[in-house]
Amino acid sequence: MSSSSGTEKALSLLRRLPRVSLGNLRPNPGAHKGKTRGRGIYGGKTHGAGSKGSGQRQNFMPLGYETGNTPFYLRFPCQNYYKGHHLKLSYAPLCMGKLQKMIDTNRLRCDVPVDVTQLMATGLFIIRPEEKEGGFMLENEGIDHFKATLNLEVQWADEAIIAAVERNGGFITVAYYDPISLRAAIKPMKFFQRGVPIPRRMLPPQHLIDYYSDPKNRGYLADPAEVAKERFILAQKYGYVLPNVNASPNKEMLLERKDPRQVFFGLEPGWVINLKDKVILKPKDPELKEYYAS
Amino acid sequence: MLSLQHLTHLRMSVWDTCFASEPQLLTDDEEQVLSLSSQRKLYGEYGAASGISISKLWPSKEELRLNKEWESIAYPHSIHQMIELERKKKQEEELRLKERQEDLVNKMAKLEGWKKVVRDRIAKKEKEAQDAKAKKERLIEEVRQIFGFRIDPRDDRFKDALLQKEREEKKASKAAKKLARQQRMIERLKTQVVEESPVEKASASGSGYDEKNDPPNTLSGSSVV
């Protein structure tokens, strides 16, 4: 068609596409010929190898060689301390004292369930999922004056901390977030701007499944009945009376729990959230629905 | 029920607000050229005003197939399977430890016996050494007695005499052994003769004949006509 000839099309594309720069230009295939060793009349004599020296004599130093002294890569023996360190997760420490302070200064709201998203919303922490960081772990510092009642979800908590939270009438769950889900959880606004559906949270790796399915640790994969039993046992161990959750005014909020595949409270995997139009889009295709519900 | 109330405290940067409220719609060519992720981002920023079809936001059939394949390899086991694997691992470890402990207990029971064996072996060696030494001393003394005067044991004459003495002793011991062996042979022969005599008689009269049980040979005793 003469009206939309090749040049016109190209020009319209050029007008609309991003600015042409060295960053998005490429020569045509075959335009760049690789450098080959010289053999003929002016590639002759030294054939691209220079004059004398180790270069011409093809006596190249081995990679990592440091002209005699023991090279860096040979200096240190195998350290079993670091064995498998690239497979292990690390967690951002969060002291009980800091948690209490955040609540007292209204930096963190405890009238909603407190999970990774809420803790990151305070703006006081940095978590890098790409650096093998798994989330938050609670520490003992300031545990004695912890008085808040809240529905807490972190990635690692020890026995004393569980006792401290439950003694005040709160609940604590320990949950695993895989790196993609964690990235979505810590920066939800940025995630929604990507226009992708909410991912399904993946299961923990084999070496962590024990921790997250143990009711003693209040794992999110543990049987709730077992967890209730362990709450009672812990109360006896630490010597406090377990407050009755049915009597508290925040009963619904305290008993709210996420599905193992859920990343955000109230939102399911597969939904697309648009912040501009303030809509939630849900998939209709049965295959997609099945996939996101699995 | 939409509960974005949880997210109201989340911060948005200045960058997030710097976007045109009316984006330009993409032409067909741009839609072909622009990657899916970029188009999804456009939708994420501008919403329906971007003009991007919302069907592009979810994975296509091909993408879904690839995702499922990836997950089947990256996360092959279900929760129950993983817990079962852990349990088996723990069980195996416990079994290994238990077997090792049992093995140790058994070996501890035998320990005193082994110690005794070692001590006996040492004692035997010591005893042999002492016996040899004592024998040597005795021979030297005897040779000294023969000579009658003080002579250095390292002297050649002494050595010759000692050698002779040892030879004599050996001969004597050999003779004694031979005698002992002969005695034993004689005794054995004697016992054999004693055993063979009734058997010889029996074999002379007939095979399989037992004096006790079978009736006496009527032929030999009486005369049958």
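The values are calculated or read from the model by the stated rules, or taken from the named source; none is laboratory data. Every value quoted in this text rests on a predicted model; they were computed, and no experiment measured them. Glycine also receives a Cβ, built like all others from the backbone with ideal geometry; neighbour counts cover every protein chain displayed.
Could you list all residues from the stretch B:39-54 that are at the interface with chain A (Cβ under 10 Å from one of its Cβ atoms) and either farther than 20 Å from A:Leu275 by Cα or among the polar types (S, T, N, Q) (or both)? Before the answer, list the steps.
Step one: filter the stretch B:39-54 for residues at the interface with chain A (Cβ under 10 Å from one of its Cβ atoms), giving B:39-50, B:52, B:54.
Of everything in the stretch B:39-54, those that are at the interface with chain A (Cβ under 10 Å from one of its Cβ atoms) and either farther than 20 Å from A:Leu275 by Cα or among the polar types (S, T, N, Q) (or both) turn out to be B:Gln39, B:Ser50.
Tally the residues that are in contact (Cβ under 8 Å) with a residue 60 or more places away in the chain and either aromatic (Phe, Trp, Tyr) or in contact with a strand residue (DSSP E or B) (Cβ under 7 Å, 6 or more places away or on another chain) (or both), restricting the search to the stretch A:221-244.
So in the stretch A:221-244, the residues in contact (Cβ under 8 Å) with a residue 60 or more places away in the chain come out as A:231, A:234-235, A:237-238, A:240, A:242-243.
So of that shortlist, the ones also either aromatic (Phe, Trp, Tyr) or in contact with a strand residue (DSSP E or B) (Cβ under 7 Å, 6 or more places away or on another chain) (or both) come out as A:238, A:240.
Residues meeting the conditions: 2.
Output the qualifying pairs, or none if there are none: Cβ atoms under 9 angstrom, residues six or more apart or on different chains, first residue in the stretch A:275-290 and at the interface with chain B (Cβ under 7 Å from one of its Cβ atoms) and touching a residue at least 60 places away in the same chain (Cβ under 8 Å), second residue among the hydroxyl-bearing types (Ser, Thr, Tyr) and not in a loop (DSSP other than H, G, I, E, B).
Filtered contacts from the stretch A:275-290: A:Pro283/A:Tyr291; A:Pro283/A:Tyr292.
Go through (1) hydrophobic (A, V, I, L, M, F, W, C); (2) in contact with a helix residue (DSSP H, G or I) (Cβ under 7 Å, 6 or more places away or on another chain); (3) under 26 Å from A:Glu8 (Cβ atoms) for B:Leu36 and report which single condition fails.
The single condition B:Leu36 does not satisfy is (3).
Within the stretch A:198-214, does at least one residue satisfy the condition of being in contact with a Gly (Cβ under 8 Å, 6 or more places away or on another chain), under 28 Å from A:Lys282 (Cβ atoms), among the polar types (S, T, N, Q) and facing chain B (nearest Cβ under 9 Å)?
No.
Mind checking whether some residue in the stretch A:12-20 is surrounded by fewer than 10 Cβ atoms within 10 Å (Cβ to Cβ), at pLDDT below 85 and among the charged types (D, E, K, R)? It would help to see each step written out before you state the result.
Going residue by residue through the stretch A:12-20, those that are surrounded by fewer than 10 Cβ atoms within 10 Å (Cβ to Cβ) are A:15, A:18-20.
Checking the rest, the ones that are also at pLDDT below 85 come to A:15, A:18-20.
Restricting the remaining residues to those that are among the charged types (D, E, K, R) gives A:15, A:19.
Yes, the stretch A:12-20 has at least one match.
Considering the stretch A:138-181 alone, what residues qualify as being in contact with a Pro (Cβ under 6 Å, 6 or more places away or on another chain) and either of a type in the set (Lys, Arg) or within 27 Å of A:Leu87 (Cα to Cα) (or both)? Spell out how you get there, then give the answer.
Initial filter on the stretch A:138-181 (in contact with a Pro (Cβ under 6 Å, 6 or more places away or on another chain)): A:139, A:151, A:169, A:176, A:179-181.
Selection gives A:Glu139, A:Tyr176, A:Pro179, A:Ile180, A:Ser181.
Identify, from the list B:Lys136, B:Lys98, the residue that is under 41 Å from the mean Cα position of the chain (by Cα) and farther than 24 Å from A:Trp271 by Cβ. Spell out how you get there, then give the answer.
Working: B:Lys136 fails: under 41 Å from the mean Cα position of the chain (by Cα).
Matching residue, one of B:Lys136, B:Lys98: B:Lys98.
Considering the stretch A:257-270 alone, what residues qualify as being touching a strand residue (DSSP E or B) at 6+ places or on another chain (Cβ under 9 Å) and either more than 10 Å from chain B (Cβ to nearest Cβ) or not in a loop (DSSP other than H, G, I, E, B) (or both)?
Passing the criteria: A:Arg257, A:Lys258.
Would you confirm whether or not the stretch B:72-88 contains a residue that is within 14 Å of chain A (Cβ to nearest Cβ), part of a helix (DSSP H, G or I) and within 29 Å of A:Met189 (Cβ to Cβ)?
Taking every residue of the stretch B:72-88 in turn, at least one turns out to be within 14 Å of chain A (Cβ to nearest Cβ), part of a helix (DSSP H, G or I) and within 29 Å of A:Met189 (Cβ to Cβ).
Would you pick out the residues in the stretch A:174-217 that are among the β-branched types (Val, Ile, Thr) and either more than 22 Å from A:Glu230 (Cα to Cα) or in contact (Cβ under 8 Å) with a residue 40 or more places away in the chain (or both)?
A:Val174, A:Ile180, A:Ile186, A:Val196, A:Ile198
Going residue by residue through the stretch A:143-164, is there one that turns out to be of a type in the set (Gly, Ala, Ser), surrounded by 21 or more Cβ atoms within 10 Å (Cβ to Cβ) and assigned to a helix (DSSP H, G or I)?
Within the stretch A:143-164, one or more residues are of a type in the set (Gly, Ala, Ser), surrounded by 21 or more Cβ atoms within 10 Å (Cβ to Cβ) and assigned to a helix (DSSP H, G or I).
Given (1) part of a helix (DSSP H, G or I); (2) facing chain B (nearest Cβ under 10 Å), where does A:Met253 come up short, assuming only one miss?
All conditions pass for A:Met253, except number (2).
Can you name the helices (runs of 4 or more DSSP H) wholly within the stretch A:177-227 that have at least 3 residues being more than 14 Å from the chain's Cα centre (by Cα)? Quick ask: steps written out before the conclusion?
Details: elements: A:179-186, A:188-192, A:206-212.
Result: A:206-212.
Looking only at residues in the stretch B:55-71 that are facing chain A (nearest Cβ under 10 Å), touching a Leu at 6+ places or on another chain (Cβ under 9 Å) and in a helix (DSSP H, G or I), which one is farthest from A:Tyr292 (Cα to Cα)?
Among those residues, the one meeting the criterion is B:Lys56.
Scanning the stretch A:117-130 for residues that are away from chain B (no Cβ under 12 Å) and touching a residue at least 24 places away in the same chain (Cβ under 8 Å), which turns out surrounded by the fewest Cβ atoms within 10 Å (Cβ to Cβ)?
So the first thing to find is which residues in the stretch A:117-130 are away from chain B (no Cβ under 12 Å), and the list is A:125-130.
When the remaining residues are screened for being touching a residue at least 24 places away in the same chain (Cβ under 8 Å), the result is A:125-127, A:129-130.
Working: A:Phe125: 16, A:Ile126: 10, A:Ile127: 21, A:Pro129: 20, A:Glu130: 8.
So, considering only residues that are away from chain B (no Cβ under 12 Å) and touching a residue at least 24 places away in the same chain (Cβ under 8 Å), the one surrounded by the fewest Cβ atoms within 10 Å (Cβ to Cβ) is A:Glu130.
Is the stretch A:110-125 home to any residue that is of a type in the set (S, T, N, Q) and under 19 Å from A:Ser90 (Cβ atoms)?
First, pick out the residues of the stretch A:110-125 that are of a type in the set (S, T, N, Q): A:117-118, A:122.
The next check asks that each one be under 19 Å from A:Ser90 (Cβ atoms); those that pass are none.
Scanning the stretch A:110-125, I find no residue that is of a type in the set (S, T, N, Q) and under 19 Å from A:Ser90 (Cβ atoms), so the answer is no.
May I ask you to verify whether A:Leu138 is under 18 Å from the mean Cα position of the chain (by Cα), part of a strand (DSSP E or B) and under 30 Å from A:Gln236 (Cβ atoms)?
Values: under 18 Å from the mean Cα position of the chain (by Cα): yes; part of a strand (DSSP E or B): yes; under 30 Å from A:Gln236 (Cβ atoms): yes.
Criteria met by A:Leu138.
Read through the list (1) touching a residue at least 24 places away in the same chain (Cβ under 8 Å); (2) more than 14 Å from chain B (Cβ to nearest Cβ); (3) surrounded by fewer than 14 Cβ atoms within 10 Å (Cβ to Cβ), then give the number of the only condition that A:Asp111 fails.
Unmet for A:Asp111, out of (1) touching a residue at least 24 places away in the same chain (Cβ under 8 Å); (2) more than 14 Å from chain B (Cβ to nearest Cβ); (3) surrounded by fewer than 14 Cβ atoms within 10 Å (Cβ to Cβ): (2).
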